[in-house]
Structures are given as C-alpha cells and as structure tokens.
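Notes follow the structure.
What follows draws every value from the coordinates through simple rules; no lab data is involved. The model shown is predicted, which means the values in this text are computed figures rather than measured ones. Note that each Cβ is placed from the backbone with ideal geometry, even for glycine, and that neighbours are counted across all protein chains shown.
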Amino acid sequence: MSATAALHAIDSVLIVDDSGVQRSIGAALCREMRIRQIHQAEDGVAALALLDALPAPPDLLIVDLEMPNMDGPELLSELSARRLRSPVIVASSRESSLRHSVEDMGTALGLRILGSLPKPLTQEGLGTLLQRQPGTTPAREPRSTPPVDPQELRSALERGDITAFYHPQVEIGTCKVRGLEALARWHHPTRGWIPPDAFIPVAEQHGLIHVLTLRVMDLAMAQTAQWALQGLDLSIAVNISPLLLDRGELVQEISDLQRKHGLRAEQVVLEVTESTLLRELAVALGVLTRLRLRGFRLSLDDYGTGFSSMQQLARIPFTELKIDRSFVHGAADRESLQVILRSALDMASELGLETVAEGVESLQDWQLVRQFGCTLAQGWLLAKAMSPTDFEPWLQRLRQHRAELLG
Ligand code: C2E
Ligand code: MG
Ligand code: MG
C-alpha cells in the first residue's frame, strides 16, 4: 500500500512544533501526501487553543517533544483529558529510547499513538506509521472481557468446560519442537472462548485454582502421553499459581498425575510466576525443592515483570528462565530492551538455566533472540496456542519454514 493510499482517510493534520523550519518540512510532506487542511501550532498551549477553535479535531496530530510553555508529554496528558480520538505521531530529534517512553506514556493514557519518528520527518517514515494500527505499543493491553461470575466458573469446572490449548516451544538452534505449554481456556456456552486472564484471577480469589490446575494438568499430561504414542517425545509445561505453593500435598498430587499418565518427571515443566505473594515462604520453598528432587523441571515465568525475581532466582532451584514478552517483542528496535534481554540471557546461561523467549512475534524478534543465544522460542511467529488436533498439521507447516528460520 502506498503512503498516499494509506492516507485516504486523513484530510486534516495538526503539526505542533516550536521550530518553524520543522513545521514547514512537515507541512510540505503532508501536502505531498495530499492532506488538504494543514494546521500548525508552536507549542502545546497554542495547539489546545486551536483545537478548541476548530469545528472538529484534525484526523492526525504530529507532536514535537521539546517545546516552551507546554511540552510534548504535557500536551499528551491534556489531549488524553480531552479524550482525543485522533491518531497521534510523536516527533523528536532526541534519542529513540526517549521517544519510545513518550509513546508508551501516550498509549497508557488511552491515546491512539501510531508511533514516533526522528526529525526531520521523511515521507517514508510518515508513510510507514500511517499504515499501522494504533495502540500496539504497550507490553500488556488490557482486555475488555466482561467480568466472570465465580459460581459460573465453578459449574464450568464441574461440567468440564475448562480445557487446555497448547502453545509450542521451539528450539532456536534446530527449529525442532521441544514441547508445549498448556494454557487454560474456557468454552462458554454463550460467550464462546474466554481467555485465561479473565478467569484465572477469579479462580484464585474464590478457591477454585487448585481444582482448575489439576484439571489442566490432567488434560495436558494425557495429551502428552497421547503424542508419545504417536512417536512424539515432548515436554509439557503447566502454569502453577503461587497461591498453590502453600499446599504441601501439591507435590504428591503432581507426582500421582505424572505416574498415572506414564510420563517421565523431566518431561513436566512447572511454570511459576515470580511473585512477592509467596505467603508461606518456607512451605513454598519446600514444595518447589521437593518437586525438583523428584525430577520435575521448574521455570521462572514472566521474568522481569515481578519485583523479587533476583531473590527468587537465588533461592529456588529453577531449571529455566522464561523471559516476559514485554522484553522480547520489538526489542530489535529498542536498544534499552536489548540490553535487558541480553543481560537476562547471559545471566541465565551463567546459572546453567535454559531460556525461553516468550512473545516472538516477528522474524526480527526470532533473529534477535537467536543472536543472543536463547534456547527456546514461544510466540505468534511460530504459532498461537492451539487445540491438540491442530498440532500435527502445524508441525508439517513448521518443517516447511525451517530453512527460512535457520537461514
Ligand atoms: P503465561 O503463562 O505467561 O502464558 C503465555 C501467554 O502469552 C499466553 O497467553 C500466550 O498465548 C501468550 N503469548 C505467547 N506468545 C505470544 C506472542 O508472541 N504474542 C502475544 N501477544 N502473546 C503471546 P494466554 O493463553 O492468554 O495466557 C495468559 C496467562 O494466563 C498465562 O500467561 C498464565 O499466566 C495464565 N494461565 C493460563 N493458563 C493457566 C493455568 O492453567 N493456570 C494458571 N495458574 N494460569 C494460567
Ligand atoms: Mg506460563
Ligand atoms: Mg509467561
């Protein structure tokens, strides 16, 4: 799609910049892109006055960061307070990390930030951003799923409406599938598939997380045993809520399921999110240590998003570090993320841990984690979480992409 075509819906723009030269460059580009109404303001105060005077907000705003009176970030806060719906582009000659922080700030404020560009603006840069869907910057986008009724969740568990989807984990060096992560899914009779973020917290608050976890684990282990019968030797990862770690019985419950399905303990990976909520630290440490003694693998999930990750790494016998997707996806464009990602991977390798990069969504993400020596990748570039029946056809397709991924 050409930049001009992408712009067909954009008839008016407001360029906010204290430099007359930069405003002229921007205006000339917009004219070339056939935007008819080009408004200009020299700072945030002038921009707000202009917005008040216009009959309707412009279709696009381009906002500089450093300006006298009211700077770019202040202007974004004001625009958010006025509930501006038009897309916004951040423009600045300052370092890209600063621009990215302002993008994240704007998105967190609810603005439709398309992205940021260095100055002087170019037609290519502007064209690329205008083809983007706004609001894809933040690490976690809040989901707008309606609240879940605990009583309904309880019945769903009893009826077997909670099931597991599987997300493959691929060895970066060989492109072979090492295993899968089981992810809970709720198939609701009227609402369709409900994502786990909507019901796991409810399960945790209403004493249902134990039943739910054992249900997912039972399904996941049965499925792994099934795949083994088809000649596929795979590991299976299951998420363990930190709330479960004060149950001493958990060790035996997991062992019983593993034996029931005839799996080897080392095939089973228990993913624990880093958490300050280990209510009974001694009990939790005991549970995790005993699980490890029995041969289960332990993975520190969502690494980097919690508050006490280093402390937990030091005292829990983890075998794997799973780096949160907010440090992975898009890191190729962000130097600060690269530094964090690389140092986490280096540290894990020094500690003798395997590493999983979550959120590998693009070929760029894949190439970066590969270059940084990460062991496993999990992400939408490879697959979304799937039902068991979709796994074998997907394996065939992965084989076809091997050369490209290893190239
Ligand atoms: P998690 O354990 O960190 O699982 C990874 C989540 O990231 C999954 O979302 C997965 O689909 C998603 N993901 C992986 N790669 C990508 C990617 O490239 N892009 C994007 N945008 N997302 C990616 P899902 O299935 O929605 O699960 C969300 C969270 O719900 C899980 O995060 C986990 O914390 C929780 N959860 C899921 N199943 C269970 C369960 O059985 N028990 C417990 N306690 N928690 C569960
Ligand atoms: Mg997980
Ligand atoms: Mg995770």
The answer for the net charge of residues other than Leu363 whose Cβ lies under 14 angstrom from its Cβ, with Lys and Arg +1 and Asp and Glu -1, is -2
The lysines whose Cα lies under 19 Å from the Cα of Lys176, excluding any fewer than 8 residues away in the same chain, are Lys322, Lys384
HN-Hα couplings for the stretch 178-193 via Karplus (6.51, -1.76, 1.60; θ = phi - 60°), in whole Hz with x for Gly/Pro, come out as 7, x, 9, 9, 7, 10, 5, 9, 10, 9, 8, x, 10, 8, x, 6
Could you line up Trp394, Trp186 from fewest to most neighbouring Cβ atoms inside 10 Å? Trp394, Trp186
The exposure ranking of Lys119, Lys322, Lys384, fewest beta-carbon neighbours within 10 Å first, is Lys384, Lys119, Lys322
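Per residue, how big is the convex hull of the stretch 203-268 when only Cα atoms are used? Give it in Å³.
Details: hull volume 4.9 nm³, N = 66.
Given the Cα convex hull of the stretch 203-268, per-residue volume reads 75 Å³.
State whether the stretch 3-132 is rounded, prolate or oblate according to the following rule on the C-alpha gyration tensor (a ≥ b ≥ c being the square roots of its eigenvalues): a/c under 1.5 gives rounded; otherwise a/b larger than b/c gives prolate, and the remaining case gives oblate. Provide the component values of the computation, followed by the final result.
Working: a/c = 1.26, a/b = 1.13, b/c = 1.11.
Taking the square roots of the gyration eigenvalues as a ≥ b ≥ c, the stretch 3-132 is rounded.
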Here the stretch 318-324 yields Karplus 3J(HN,Hα) values (6.51, -1.76, 1.60; θ = phi - 60°; whole Hz; Gly and Pro given as x) of 5, 10, 8, 10, 10, 7, 4
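Around Asp71, with a cut-off of 9 angstrom between Cβ atoms, what is the net charge of the other residues, counting Lys and Arg +1 and Asp and Glu -1?
Cβ neighbours under 9 Å give a net charge of -4.
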Report the residue, chosen from Glu95, Glu42, Glu358, that carries the largest GNM mean-square fluctuation when the chain is represented by alpha-carbon nodes joined by springs under 10 Å. Glu95
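Using the count of nearby Cβ atoms within 10 Å as a rough guide to exposure, how do Glu32, Glu274, Glu361 rank from fewest to most?
Details: Glu32 12, Glu274 25, Glu361 16.
If I rank by nearby Cβ atoms, fewest first, I get Glu32, Glu361, Glu274.
What does the charge add up to near Arg83, with Lys and Arg as +1, Asp and Glu as -1, over the other residues with Cβ less than 15 Å from its Cβ? Mind dumping the intermediate values first?
Values: positive: Arg82, Arg85, Arg112; negative: Asp52, Glu78.
It works out to a net charge of +1.
What percentage of all Cα-Cα pairs in the chain are separated by more than 35 Å?
Numbers: 32906 of 82621 pairs.
When every Cα pair of the chain is considered, 40 percent fall beyond 35 Å.
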Could you compute the FRET efficiency for Arg31 and Asp197, with r as their C-beta to C-beta distance and R0 at 41 Å, rounded to 0.05? 0.35
